[in-house]
1. Determine, yes or no, whether residue 435 is over 31 Å from the mean Cα position of the chain (by Cα) and not aliphatic (A, V, I, L, M).
2. When the residues of region 213-230 are filtered to those that are touching a residue at least 40 places away in the same chain (Cβ under 8 Å) and over 16 Å from residue 122 (Cα atoms), which remaining residue is surrounded by the most Cβ atoms within 10 Å (Cβ to Cβ)?
3. Quick one: count up the residues across region 111-140 that are in contact with a helix residue (DSSP H, G or I) (Cβ under 6 Å, 6 or more places away or on another chain) and either small (Gly, Ala, Ser) or over 12 Å from residue 204 (Cα atoms) (or both).
4. Which residues, counting only those in region 684-734, are among the β-branched types (Val, Ile, Thr), in a strand (DSSP E or B) and within 18 Å of residue 583 (Cβ to Cβ)?
5. Is it the case that some residue within region 265-279 is assigned to a helix (DSSP H, G or I), surrounded by fewer than 23 Cβ atoms within 10 Å (Cβ to Cβ) and in contact with a Leu (Cβ under 9 Å, 6 or more places away or on another chain)?
6. Looking at (1) assigned to a helix (DSSP H, G or I); (2) in contact with a helix residue (DSSP H, G or I) (Cβ under 7 Å, 6 or more places away or on another chain); (3) surrounded by fewer than 23 Cβ atoms within 10 Å (Cβ to Cβ), which is the one condition that is false for residue 346?
7. Mind listing just one residue for me: the one in region 178-188 that is farther than 22 Å from residue 235 by Cα and either in contact with a helix residue (DSSP H, G or I) (Cβ under 9 Å, 6 or more places away or on another chain) or among the aliphatic types (A, V, I, L, M) (or both) and, of those, surrounded by the most Cβ atoms within 10 Å (Cβ to Cβ)?
8. Select, from 149, 179, 174, the only residue that is at pLDDT below 95 and farther than 30 Å from residue 293 by Cα.
Amino acid sequence: MKTTVLNLARKGILGCLAALPILLSVSAVAEPRAVPRPLRTSDELIAPMPEMPAVARPALPDPILEMDARLDRRPATATAAVAAAAPAYVPERESLSDLSDEARQHRRSLEEFLEFQGPVRLRRPQASFTFDIPVSARMHVIAAEAEIQYSNSISLREDSSQLALFWDDAVLAQVPLMQKMPEGRIKESLPGVPFDRGYHSLRVDVAQHYGEAGVCEDPSSPTLWTQINPHESWIAMEYGMKPIEPLLSNLADLIDPRIWGDYELTIVTPRQVTAGADHLRWGGLVAQRAALMLDYKPLSVRHATEVLPTGDQVLIGTRNELSEILSREVIDTITDGFIGIYPNPYDPGYFLLVLSGADLNGVDRAVRAFALWNESLPAGPTMDVSGLDIPEMEAYQTDRTLVSNERVDFSELGFETATRVGMGAEPFKLEFSIPPDFYAPENATIEMKLHFAHGAALRSDSVLNVLLNGKFESAVYLKEEDGAVYRDYRISVPLRSLRPGRNLIEFEPLMNPIVSGHCEMIQEKNLLLTLFDDSELEMPVASHFVRLPDLQLWGWTGFPATVDPLGGGYTIHVAGRDSESMASAWMLSGKLAQIVGQPLVNLDVTSDIPDPGSHWIAVGTIGDISPDLLEAAPVQFGRNGRIPAILARVPGDRVGLREERRRVEGNQTSVLHGSNTAGEKGVVMQFQSPFDSQRTGMLVTAENRVTLQERVTELIQPGVWGGLNGDTMVWYGGDYGMRSQRLGDAFYLGRTDFRIAAAYQLSDHPWLGVGVAVLGVFLLAALARRALVKFQQRQHGTAPAAAGKASA
């Protein structure tokens, strides 16, 4: 009897143990979801309205994270085993029910985190490279993984060459660099979730050797290299959006370029004033500030007339106009000029920003206060805007923009005195801008007076290279073996080497030690070069004269919207009174602000026909744009308009063609014939305004409103925007479907004297200069002959021909 009881007890215990993994797995994957508590109920924030229909959330995409070590990807038994074996001090992963939305999965190529294109090369015996990975304060990262794909030299020794991967200085993996298998990859989960906000480092270190143990190596040997492929390497995260308690002071953490994925902002205007002139302009200013807060990340804009169940939203309107949208509690707090921020009552992971006032002037003050935000808003949810002073700025005086005959210290351009040490030191960088229509004669130069010092015992081939926009321009020979200090060392760079808008000068020190023979100890700490911030840069005398149309110039600098630093004299004409056209115009407004680097508070966004004295861009469907604006366009739409076939001749990536060749090819056909229109494509064109020969006109259009918004959303992406060229471009489905060509006639913008204009024409048409020179020689020869004839007549009383006959 006792034995039977013991056997039954033993079987019961074994059965419980066998069921334990299943119970644990069920508890791990079927954790009950808790409903997040919103900070404010919809009744407290939103005005009473009919019950909203259920909004179907899109299904999550197929998993993109392939994490062998991720909890959710393991079989249930393995999950249970891990849970049972975990130490007591390991915290449980936060439930997705505590987040504002279901988890998102996003994988990004490491190429996105580079300032250059192409592979990353690691040279010398020890080398490293760091990818800075952003994490927004709004993201709660649940899991993360990274993969590095690499290739190494086949000359490396396997027993002493290795690659190590680090995440925030924590070692993730180490692998040998092998001769017989020179290509490999590392895929590892990233520790430390949830990550803190800010930038995290994903670092690759290599140790590279090729010689036998105890044998000297040349540290500069070309066989010491490992290459990272950033295009195929990636980092992936699974995250949710945290519930927020928004304050005006933390707007930078809410509209944050560190958020993964596309950022979308909805601008809400009252239904009864959807196409009001003031609201169009205010929406443009809001889009500009939001785009600037995102830095270079594109801003996707949508328009609505009521608060949506999810997403960040900005509500614009007077107190009375917003009374149909907001609750009485919020309406009663709106002052003459008011800015307030609240969590979205339907989804507390997003915010509602209210820009309002008692009247139109009050709303205008609130919107302009937001547009000129300088990160000093109060640490509270509301702000009373009583007045606003906008500083006056001269034309072209944007950040670090140099004008004609200007002299500045490097410090005025943001440069700080710095020292570089060792071989392969990082270059000094100096950034500045010039006006897009800056023109001077071909022999004009920018002059630099450098103040620098270099160390002693440098080898005779040490130099300081000067590069402009990545291209070599000049060099300084560091020839003093005892070291030297230089003041006012003059370097000249041709003005024609500068490009319109932003430019980058790099001073790259290439210093080698005087003792560097085989098996010699290399001393690098004497390889020093200091560049001081009191060095000077001087611009030549120049005028403002430019050849148009040029979409590439517009895409690079925003010209002519940027002639006035506040956007005065430029109009974005919204051709349709629909949400898609409005959102498209606002996205372009935000993109122009990103290019300039500051809000264009005087840029006009309106549904009215542009003023004849302004530069303008019309945004709308082909049917909505006024025929008066289409009159001078290089392409005529409608029954006799066809785009795709003719534009297929010159792909958009052939931007290296000489200007005169592009112009000849483009002028072969200026009117397109056929029966089709734009179809699913977007079209952008630039041409001379039909209202004023010294003004430009532009069109951004598509066949219908939905297509227009989709194409403009694609247009502001870096891949498509960077392909702008010629005077006409069509695109579809991103940068793979771009075509551009020059179809219209050239015109010149700017007023200058005859000498400058003639010099510009000769510079733009060099063969014309040769022809003028040859014609001048013949003219001088004819004048000389005529003078000789007259001299002969005065001296001998006969012409040379008659004298010849007499002598015969």
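1. So residue 435 fails the test.
2. It comes out as 217.
3. Selection size over region 111-140: 1.
4. 684, 700, 701
5. For region 265-279, residues assigned to a helix (DSSP H, G or I), surrounded by fewer than 23 Cβ atoms within 10 Å (Cβ to Cβ) and in contact with a Leu (Cβ under 9 Å, 6 or more places away or on another chain): present.
6. Tallying (1) assigned to a helix (DSSP H, G or I); (2) in contact with a helix residue (DSSP H, G or I) (Cβ under 7 Å, 6 or more places away or on another chain); (3) surrounded by fewer than 23 Cβ atoms within 10 Å (Cβ to Cβ), residue 346 fails exactly one: (1).
7. 178
8. 179
The values are calculated or read from the model by the stated rules, or taken from the named source; none is laboratory data. Not measured: the values here are computed from a predicted model. Glycine gets a Cβ as well: all are built from the backbone with ideal geometry, and neighbour counts include every protein chain shown.
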